[in-house]
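Report on the following structure.
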Amino acid sequence: MRSVAASTDVTLQLDDIQAGALFERPSPYVGTYLLLRIEDRADGRELVRRLHRIAQPAAGADTADETSLTVAFTYHGLEALGVPTTSLDSFAPEFREGMAARAGVLGDVGESGPDCWEKPLGSTDVHVAIAVLSRDEAKLAAVAEGARKVHAELPGVELIWRQDCYQLGTGRTSFGFKDGIGQPAVEGSGRLPTNPRERPLKAGEIILGYPDETGELPPMPTPDVLGRNGTYVVFRKLHTRVAAYRSYLRDRAATRAEENLLGAKMVGRWQSGAPLAVSPDTDDPELGSDPRRNNDFGFGDDPRGFKCPAGAHARRANPRDALDHEGSVDVRLHRMIRRGTSYGPMLPDGVIEDDGVDRGIIFVFAGAHLKRQFEFVKTQWLNDGIFIGAPLESDPLVGAHHDSSSFTVPQRPIRRRLQDLPPFVVTRGGEYCFAPSLSALRWLAELDT
Ligand code: HEM
């Protein structure tokens with residue numbers, strides 16, 4: 001197997017690992033997510049055999065064809081393919097339960113609860129998740145047409161959901177902010193860190209079969225061929241209330257500049273991507289678009305959050321060095337790879353009336369630990385404020401706000417408190433998946449149980 005030498009002491013089998021987790025996508029791009037249900041086991045295995053031929057390995061992903069396909073399975077999908085019970089039981093408990101069963105823990109309640117989710121998200125019908133991304137609409141259409149043909153030839157596999165998505169060249173998503181900047185580097189991936197203050201993560205934090213930050217091998221599904229070089233994937237369709245967000249800020253700001261500042265305080269970055277930690281008073285689009293500088297910062301010199309509030313979304317999601325003095329939390333155990341995309345048209349600039357159109361983000365997480373990475377960050381850092389000394393405050397941008405939600409902006413001479421935050425993000429559904437290695441795809445296709 002061809003491998004790329006690690007920067008330190010690990011060698012990742014990049015030609016066995018699917019490209020999706022480790023490599024950035026082209027920008028701009030268009031894409032499609034497909035969810036399939038396996039009704040007939042033989043057809044399901046034939047589908048996996050064909051997908052194995054076109055799934056892209058991480059090796060050469062930088063130079064390879066610009067259309068990439070990543071495939072992942074839910075617990076029920078692995079079951080439908082006939083994976084033996086001993087093996088199914090070896091997967092992480094959260095994966096076995098599925099996202100809908102974890103809704104109470106994750107804060108997906110009320111209008112974000114599974115009862116209100118878009119069908120068939122969160123149901124046992126979701127078996128296979130496929131992401132196809134391309135720089136080019138024609139190429140994407142060709143792959144989609146290929147998938148349609150496979151589908152026609154395999155009547156025992158049903159296409160049950162499709163969501164088109166895209167990333168703008170600016171990298172901005174529906175609220176207007178550039179996204180996808182704060183990512184950890186991974187040892188052995190051959191990719192350099194964008195934040196020179198953060199050592200690359202041990203490979204086992206993202207890819208199964210390698211030591212993680214604790215020095216141990218993370219629990220890995222058995223048999224070895226199924227678990228090794230795989231990764232857990234979370235996808236969530238998150239509807240964004242852009243008009244409500246814009247009018248909330250407009251009502252609380254005297255000028256457009258103040259509106260932009262309050263928006264930036266909520267996120268921790270200006271819309272351009274420029275971090276408040278580096279440019280606290282004004283946006284700096286050049287900084288925002290400079291990959292050598294836009295992730296090179298910490299919060300250690302801003303413990304009280306005068307530059308970037310402790311409650312800002314990106315600071316909650318990755319407190320960087322802000323918790324170093326506490327000694328009880330190791331931020332490196334709660335990092336994640338994010339591969340989000342936009343869906344629905346952008347609300348034109350300046351519009352503050354709701355046009356009723358569905359728009360938002362398909363949030364995608366990749367990592368080796370569903371519980372201590374995705375679920376920890378969502379529950380302890382985004383939904384809760386205990387760790388920043390504000391137990392009643394949740395994430396101002398993505399929190400499930402209720403009547404009295406507030407957000408504190410530290411400033412001199414007195415802090416500002418934004419009150420009555422409505423929910424700006426509603427969960428439309430999602431699922432916990434497992435993206436196996438290429439050899440595991442072959443193994444799944446050849447199962448004979
Ligand atoms: C609609 C929902 C969401 C929106 C609009 C959103 C938006 C953003 C934006 C604008 C940034 C700053 C740009 C960047 O650093 O890449 C960011 C960073 C981040 N978000 Fe979100 N996000 C959402 C949901 C989530 C969720 C559910 C999680 C995790 C459970 C999450 C985790 C992160 C992380 C880890 C970072 C990087 C922080 C850093 O390294 O500095 N986000 N998000």
Quiz item: What are the pairs, 6+ residues apart or on separate chains, where a residue within the range 252-263 that is more than 11 Å from residue 409 (Cβ to Cβ) and free of Cβ contacts under 8 Å to residues at least 60 places away in the same chain has its Cβ under 8 Å from a residue that is of a type outside the set (Ser, Thr, Tyr) and crowded, with 17+ Cβ neighbours inside 10 Å?
Solution: 253/259; 253/261; 253/262; 259/249; 260/270; 260/271; 260/283
Quiz item: Quick check, is residue 409 at pLDDT 95 or above, surrounded by 17 or more Cβ atoms within 10 Å (Cβ to Cβ), in contact with a helix residue (DSSP H, G or I) (Cβ under 6 Å, 6 or more places away or on another chain) and farther than 30 Å from residue 163 by Cβ?
Solution: yes
Quiz item: Can you spot a residue in the range 333-343 that is of a type outside the set (Asp, Glu), surrounded by fewer than 16 Cβ atoms within 10 Å (Cβ to Cβ), in contact (Cβ under 8 Å) with a residue 12 or more places away in the chain and within 14 Å of the ligand (Cβ to nearest atom)?
Solution: yes
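Counting only residues that are of a type in the set (A, V, I, L, M), over 23 Å from the mean Cα position of the chain (by Cα) and surrounded by 21 or more Cβ atoms within 10 Å (Cβ to Cβ), give me the helices (runs of 4 or more DSSP H) lying completely in the range 31-96 with at least 2 of them. Show your work before the answer.
Values: elements: 41-54, 75-80, 85-88.
The qualifying helices (runs of 4 or more DSSP H) are 41-54.
Tally up the residues in the range 347-359 that are in contact with a helix residue (DSSP H, G or I) (Cβ under 9 Å, 6 or more places away or on another chain), loosely packed, with under 11 Cβ neighbours inside 10 Å and among the charged types (D, E, K, R), please.
First, pick out the residues of the range 347-359 that are in contact with a helix residue (DSSP H, G or I) (Cβ under 9 Å, 6 or more places away or on another chain): 347, 350-355, 359.
Going one step further and asking which of them are loosely packed, with under 11 Cβ neighbours inside 10 Å, we end up with 350, 353.
Restricting the remaining residues to those that are among the charged types (D, E, K, R) gives 353.
Summing the residues that are in contact with a helix residue (DSSP H, G or I) (Cβ under 9 Å, 6 or more places away or on another chain), loosely packed, with under 11 Cβ neighbours inside 10 Å and among the charged types (D, E, K, R) in the range 347-359 gives 1.
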Exercise. Could you tell me whether residue 201 is closer than 23 Å to residue 275 by Cα and either more than 16 Å from the ligand (Cβ to nearest atom) or modelled with pLDDT of 95 or more (or both)?
Key: yes
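Give the range 204-225 a look and list any residue that's assigned to a helix (DSSP H, G or I) and more than 17 Å from residue 22 (Cβ to Cβ), or say none.
Step one: of the range 204-225, the residues assigned to a helix (DSSP H, G or I) are 204-205, 224-225.
Passing the criteria: 224, 225.
In the range 360-385, how many are part of a helix (DSSP H, G or I) and either more than 15 Å from residue 316 (Cβ to Cβ) or out of contact with any helix residue (DSSP H, G or I) (no Cβ under 8 Å at 6 or more places or on another chain) (or both)?
4
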Quiz item: In the range 186-198, how many are at pLDDT below 95 and of a type in the set (A, V, I, L, M, F, W, C)?
Solution: 1
Quiz item: If you scan the range 386-401, which residues turn out to be without any contact (Cβ under 8 Å) to a residue 40 or more places away in the chain and either in a helix (DSSP H, G or I) or over 22 Å from residue 237 (Cβ atoms) (or both)?
Solution: 386, 391, 392
Exercise. Of the numbered conditions (1) touching a Gly at 6+ places or on another chain (Cβ under 9 Å); (2) within 13 Å of the ligand (Cβ to nearest atom); (3) within 22 Å of residue 365 (Cβ to Cβ), residue 267 fails exactly one; give the number of that condition.
Key: (1)
Quiz prompt | Number of the condition not met by residue 221 [criteria: (1) at pLDDT 95 or above; (2) under 21 Å from the mean Cα position of the chain (by Cα); (3) not small (Gly, Ala, Ser)] | solution = (2)
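The values are calculated or read from the model by the stated rules, or taken from the named source; none is laboratory data. The structure displayed is predicted, hence computed values, not measured ones. Cβ atoms come from the backbone with ideal geometry, glycine included; neighbour counts cover every protein chain shown.
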